[in-house]
Amino acid sequence: MQTDDDLGQRVAWPPEGVARAPYVLFSDPHVYAREQAAIFRGAAWHFLGLEIELPETGSYILSHIGDTQIIVVRDGRGDIHALVNRCAHKGTPLVFAKSGKVADRFMCIYHNWCFDLRGDLVSVAFEKGVRGKGGMTPSFCKEQHGLDRLRVHRICGLIFATFSPDTPDFEDYIGPAHVANIKRVCGRPLTILGQYSQILHSNWKLYMENVKDPYHASLLHAFNGVMKMDRLTMEGGITMGARGWHHISYSKMTVDPGGEVYEKATQLRSAEISAYGFGLRDPVLTDVWDDFGDKVSLTVQDVFPCFVLQQLRNCLAFRRVRPLGPEKTELFWTAFGYADDGADRKAKRLAQANMMGPAGLISMEDGMIGALIQDSIQGDQDKASVMELGGRGIDAVEGSRASEGSVRGFWTGYRALTGL
Amino acid sequence: MDAIAPVTQAEARALLRDYVNAIDRGRLGEWPNFFVDACSYRITTRENEERGFPLSIMLCSNRAMLFDRIEATEKANIFEPHSYRHILSDSEIVSESDGALTMRTSFLCVRIMQTGETMLFVSGEYIDEIVREEGRCRFRSKRVVLDSSRIDTLIAIPL
């Protein structure tokens, strides 16, 4: 059997620390098992869904934390509970629809054990047997056999949960600047515009590295650079969250000193495309407004390990990452607007949604890049990626996004929880 | 002025056939020519439709946006080279009014990567509104409703 010490030897982290990420982390099943225990069951907060998905008592959605299915349900007092979707009897899932509504309990299909909306076991079929014979052993105590219930934190209608009693309170976990941005973007009644998901043929961490990497945004996504959607030359920066584990990348599209580098610097792909005269015939993608009165046209915020809040101009979305084994990941998208959006703004948000998702003019490459890397590193499990833009540490570079500090911040959190 | 002749089923099926052939044979530059100027093209999912969510995976609300999308696909976006093969069902006529024909057609779309890897990529339904303009049949509206909400990797080429 593989012990923890063996795993530490397998993952020989180079002396450069978080400026390197060993390739073995992206496919080793033992590493994956360690992550499930230490990150997904460990001291971290995980996004589950939105309160508006649970409009009434008994409304539930089926979400996930790592490999574990989580029922998120609203009870009669308006409290929201996160319960492991596994009957305490034989391990049968209690629900299998993505969302639904129950009256006041979850009944297991297998032997009809019933749990209330807090997850407490309230009845066991034939508990007293039949005609005085059989039945549960007299010492059986229903109070000891409820569903596993997680700690829940709600902020601006977003629902997070954690398995661990050791996880710091949510606001301490992410830090005040990160609480402030959630309130900035989600501090008004939200409305869901739609949902879909994407299968990524790569390890989940390759996707999260991508999210936390502003370096690639205008380079891999040439659409960004050519269309002046997001360039490193725009005024902007990276705001690191508590302990450096979380980040917000932001930029102001109206302030772009030196942006001509994207048309002139021949080492950038956007300059090659500009030579073709690429431009939009329809103006809807550039017909934007300042949603928050601060000129900040882009924010990408993550909550370590797997949650993303995205503001691409007026295209707003939550992303949730679910690992499906070491080499496969599901990425869940929820596009949203505000309950008081007029028809015009709603239509424009829906048009700007062309930038996101599997067909996103900006995001489509993110669905592929991890899979390309996953394939190409298979033969070099003893090597590591190199991240030295902006130094080797996790301090933010003031007023600049030309840094991989936020990616190193991901690895800082990762190492702290996994001990690798 | 003479009344415009209504679109016949045979003409509509020919349009559908030519449309998928253009995509499957990689002639993406022709894609906008299958639509009238004031057109709508959407890819969405059955789940979003059933839950009343208006989100599209791809949305073009006029012909200029079709040109923009295909130009981005060919010049700006990067993805592993691949092609599609569409298989269409018989079509169900939903309505005929003012010379426009609305019909529903099931489709399977197979994706072929340049490595040769071939998979059933998506299945779903086309809901098409077809009109005659300048003597030619074209789509005024094409709604692509995918059966699954889960997309493998990415959708670069329109469906």
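No value in this document is a laboratory result; all are computed from the given coordinates. Just so you know, these numbers come straight off a predicted model, no measurement behind them. Here the Cβ is made from the backbone with ideal geometry for all residues, glycine too, and neighbour counts use every protein chain on show.
Here the range A:294-333 is scanned for amide nitrogen atoms under 15 Å from the site 7 Å beyond the Cα of A:Thr191 along Cα-to-Cβ, giving A:316.
Would you mind pulling out the separation of the Cα centroids of the range A:6-32 and the range A:362-420, in Å? Between the Cα centre of the range A:6-32 and that of the range A:362-420, the gap is 13 Å.
Checking the cross-link filter: which lysines have an alpha carbon closer than 17 Å to that of A:Lys128, excluding same-chain neighbours under 8 positions apart? Partners found: A:Lys142. For chain B, the mean residue ellipticity at 222 nm estimated from helices alone is -5500 deg cm²/dmol, where every DSSP H run of n ≥ 4 contributes -39500 (n - 2.57) and the total is divided by all residues, rounded to the nearest 500.
Kindly identify the range A:300-360 as rounded, prolate or oblate by the Cα gyration tensor criterion: order the square roots of the eigenvalues as a ≥ b ≥ c, call it rounded if a/c is under 1.5, otherwise compare a/b with b/c, prolate if a/b is larger, else oblate.
prolate
Evaluating 6.51 cos²θ - 1.76 cosθ + 1.60 at θ = phi - 60° for every residue in the range B:93-106, the Karplus couplings come out as 7, 8, 6, 9, 8, 6, x, 8, 10, 10, 9, 10, 9, 7 Hz, glycine and proline recorded as x. Panel order for A:Ser139, B:Ser89, by other beta carbons found within 10 Å of each beta carbon, from fewest to most: A:Ser139, B:Ser89. Here the range A:177-418 is treated as a sphere whose radius is the Kirkwood value from Cα pairs; by Stokes-Einstein at 20 °C and 1.002 mPa s it diffuses with a coefficient of 116 µm²/s. Full extension of the chain between A:Cys141 and A:Asp79 gives 19.8 nm of extra length, using 0.36 nm per residue less the Cα-Cα distance. Reported value for chain A: 160 Å³ per residue, from the convex hull of its C-alpha atoms.
Summing +1 for each Lys or Arg and -1 for each Asp or Glu among the other residues whose beta-carbon sits under 12 angstrom from that of B:His86 gives +2.
Residue by residue, the range B:62-74 carries 3J(HN,Hα) couplings of 6, 6, 4, 5, 5, 4, 4, 5, 6, 5, 4, 4, 7 Hz when phi is fed to the Karplus relation 6.51 cos²θ - 1.76 cosθ + 1.60 (θ = phi - 60°); x denotes Gly or Pro. Cross-link candidates for B:Lys75: which lysines have Cα within less than 22 Å, leaving aside residues fewer than 8 places away along the same chain? Once the sequence-local lysines are set aside, what remains near B:Lys75 is A:Lys228, A:Lys264.
Can you give me the Kirkwood hydrodynamic radius for the range A:46-153, using every pair of distinct Cα atoms, in Å to one decimal? Taking the inverse mean of 1/r over all distinct Cα pairs, the range A:46-153 comes out at 14.4 Å.
Of interest is the spacing of the C-alpha centroids, which for the range A:129-197 and the range B:109-159 amounts to 39 Å.
Classification of the range B:9-146 by its C-alpha gyration tensor yields a rounded form. The axis ratio a/c (a ≥ b ≥ c) stays under 1.5.
For every other residue with a beta carbon closer than 11 angstrom to the beta carbon of B:Thr115, add +1 if it is Lys or Arg and -1 if Asp or Glu, then tell me the sum. All intermediate terms of the calculation are to be shown ahead of the outcome.
Details: positive: none; negative: A:Asp375, B:Glu80, B:Glu117.
Net charge in that neighbourhood comes out at -3.
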